[in-house]
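The values are calculated or read from the model by the stated rules, or taken from the named source; none is laboratory data. In this text the structure is predicted, and so the values were computed from the model without any measurement. Every residue, glycine among them, receives a Cβ derived from its backbone with ideal geometry; neighbour counts consider all protein chains shown.
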Amino acid sequence: MRINILPAGAGLGWLREGMRLFGRQPIGLPAMVVLYLMMLIVPALLPVVGIAISGVLAPFASVGLLGVCRDVAEGKMPTPLAFAQPFRPTPARLPMLRLGIVNAILLLVVATLAMLLTPEPPGGEAPQSLQDIPLSALLVQLLLYLPVMALMWFAPVLSGWHGIQPAKSMFGSVVACWRNMGAMLVFGLAAGVLTIGASVVAVMLLTSLISSPQVLSIVIAPLALVLMTIVQASLYPMYRSVFVDSPREAP
């Protein structure tokens, strides 16, 4: 499979396409994003094995969400059945399961290294707010997770839609990210500016009307879901433009 090398400006194009997909299904697509998040967050709440289970499910959830975005792009109504598709007994299911196991191991390694390298907060108390989290701890976790992110960015769809084995799909993901680093950086910066900018403006406007932080959080939640949906939907046009071959379902 050939990998396109795109200009840096393609990153903005991906985000615009994500907005268009959201505009086609402003209710159905966010609902599917909520389902995607539930597939990852609910298992992670389990003690001890939660992170591992979430890591195994992550490739399946990612392929399911991309399937939803593909349906929206083709003018179809998004349904939860797209998330069941990757679990069906096809030749691609075993590579995806192996990829999920690798992902779970990498996440556990990152979590362990983060605990070893990040000092505990004073008194051993957990941070009560974002302001209480040391910036150094966030930077360490981000740096540790970046290699995993590069390995897993395109690997689920390469295994799930093309039946490529985990080692080759992760290699292809890293190569695609490296060759399109400029576009990926522009996309990340644009998505960050959109998310932070819209959130700051919304908070500034609503603070004068709502005094309760709890109520403000509830009011802001739909905006956060919309922004997350746009970013997640952008991954489908990103995949379509980076890889030459069109998505192909495993038989």
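General observations
- For segment 173-189, a residue qualifies if it is under 16 Å from Leu151 (Cα atoms), buried (at least 20 other Cβ atoms within 10 Å of the Cβ) and not polar (S, T, N, Q), and the qualifying residues are Ala176, Met184.
- Selection status of Ile164, closer than 20 Å to Arg70 by Cα and not in a helix (DSSP H, G or I): yes
- The conditions of being within 19 Å of the chain's Cα centre (by Cα), aliphatic (A, V, I, L, M) and closer than 30 Å to Thr118 by Cα are not met by Ala137.
- Considering residues of segment 85-115 that are at pLDDT 90 or above, assigned to a helix (DSSP H, G or I) and small (Gly, Ala, Ser) only, the residue farthest from Ala137 (Cα to Cα): Gly100
- Where Ser169 falls short, out of the listed (1) over 29 Å from Ala84 (Cβ atoms); (2) touching a residue at least 60 places away in the same chain (Cβ under 8 Å); (3) hydroxyl-bearing (Ser, Thr, Tyr): (1)
- Test result for Ala233, aliphatic (A, V, I, L, M) and within 22 Å of Gly23 (Cβ to Cβ): yes
- Filter result (more than 23 Å from Ile27 (Cβ to Cβ) and at pLDDT 90 or above) within segment 215-251: Met238, Tyr239, Arg240, Ser241, Val242, Phe243
- Residue within segment 65-81 that is surrounded by 17 or more Cβ atoms within 10 Å (Cβ to Cβ), in contact (Cβ under 8 Å) with a residue 24 or more places away in the chain, of a type in the set (Val, Ile, Thr) and in a helix (DSSP H, G or I) present: yes
- Only one entry in Val102, Val56, Val72 is β-branched (Val, Ile, Thr), touching a helix residue (DSSP H, G or I) at 6+ places or on another chain (Cβ under 7 Å) and under 18 Å from Thr229 (Cα atoms), namely Val72.
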